[in-house]
Amino acid sequence: MILVTGATGNVGRHLVGELLTAGAKVRALTRDPATARLPGDAEVARTADMPLDGITSVFLNPAVFWTGLDDLLARAAEHGVRRVVLLSSASTLDDDPANTLAAHHLEFEQAIEDSGMEWTFTRPGEFATNTLGWRDAIRAGTAVREPYAAARTTPIHERDIAAVAAKALLTDGLVGAKPVLTGPETLTQPDMVRIIGEAIGRPARFAEIAPEDARAEMLSRPYMSEGVVNVLLHLRAKSIVEPPEPSPEVERITGRPARMFKEWAADHAGDFS
């Protein structure tokens, strides 16, 4: 049986579906099983209970275990878990010692390597779902306000991350691999705003703001620390002079091209309407 943590998250929900379609038995963890709305074929359990009996492989979303993995990995080994697939991050490729996001994910990766279990670290770049933070502005018809209009990114559809994770859990071809996952195109934020507007059938606007104004706005959010804000602004500015290259890994691993951002926008048009 495969354990999926963060099963109601952007990636986890699609991963549960991928695994069930492939005929796997799935135990899906969520904070509140009563409101999870997961497929009936999945066994749903509370994250706080963390039942590991009968589990052979684990999909690990680090957001669920932000304070550390030691207890979970020790218990997993005791229960005979053979493989861990981690939702890591392409930020691990950044060599800036001030990148706290990279350091945190690398710490998780190292702990899993040291556990002695088989592992795969999926390293997605920017999630297309990050643009859901624009929905209030787009719904209201006001401009999306962000710094660094010329910054470029390779937004990846969460379904593609889930498809790669499913391959890593169901087959042996990705054991010991650290695939960097991206969408198939390089886009600016104004590009993505325009594409969302096309998906919902009305124009959406972008307005560039100063990095200092963006910093103040980001720090006002309860889940944003100064370290995270610094990293995000640093990576955004860096991508102007060192734009990211789309990775071929989604297509290589799944056998089909990664989804374009316009496909993501069409799938999520209801979130912006």
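A short reminder: the numbers here are calculations on the coordinates, not readings from a lab. For clarity, every value in this text was computed on a predicted model and none was experimentally measured. For neighbour counting, all protein chains shown are included, and Cβ atoms are generated from backbone atoms with ideal geometry for every residue, glycine included.
Some observations on this one:
- Extending 7 Å from the Cα toward the beta-carbon at both Met1 and Thr142 defines two label points whose distance is 4.8 nm.
- Shape class of the stretch 1-159 from the Cα gyration tensor (axes a ≥ b ≥ c, square roots of the eigenvalues): oblate, since a/c reaches 1.5 or more and a/b does not exceed b/c.
- Highest-first arrangement of 151-158, 8-15, where packing means the average Cβ count within 10 Å: 151-158, 8-15
- Of all the options Ala165, Ala90, Ala214, the one that moves most in a Gaussian network model of the chain with Cα springs shorter than 10 angstrom is Ala214.
- Spatial offset of the stretch 57-87 relative to the stretch 185-262 amounts to 29 Å, using the alpha carbon center of each.
- Ranked packing of 57-65, 101-109, most packed first, by mean Cβ within 10 Å: 57-65, 101-109
- Total charge dipole magnitude, the stretch 96-207, about the Cα centre, Cβ charges on Lys, Arg, Asp, Glu only, Debye to nearest 20: 740
- Prolate/oblate/rounded call for the stretch 206-245, Cα gyration tensor, a/c under 1.5 rounded: oblate
- Charge dipole (debye, nearest 20) of the chain; +1 at Cβ of Lys and Arg, -1 at Cβ of Asp and Glu: 840
- Paired Rg and Dmax values of the stretch 82-272, which use every Cα atom, in angstrom: 17.3, 53
- All C-alpha to C-alpha distances of the stretch 205-273, sorted into 5 Å bins beginning at zero, yield P(r) values of 3, 12, 13, 14, 17, 23, 12, 5, 1 percent in whole numbers.
- The chain, helix-only ellipticity at 222 nm - DSSP H runs n ≥ 4, -39,500 (n - 2.57), divided by all residues, nearest 500: -11500 deg cm²/dmol
- Relative contact order of the stretch 82-272, defined on C-alpha pairs under 8 angstrom at six or more residues apart (%): 28
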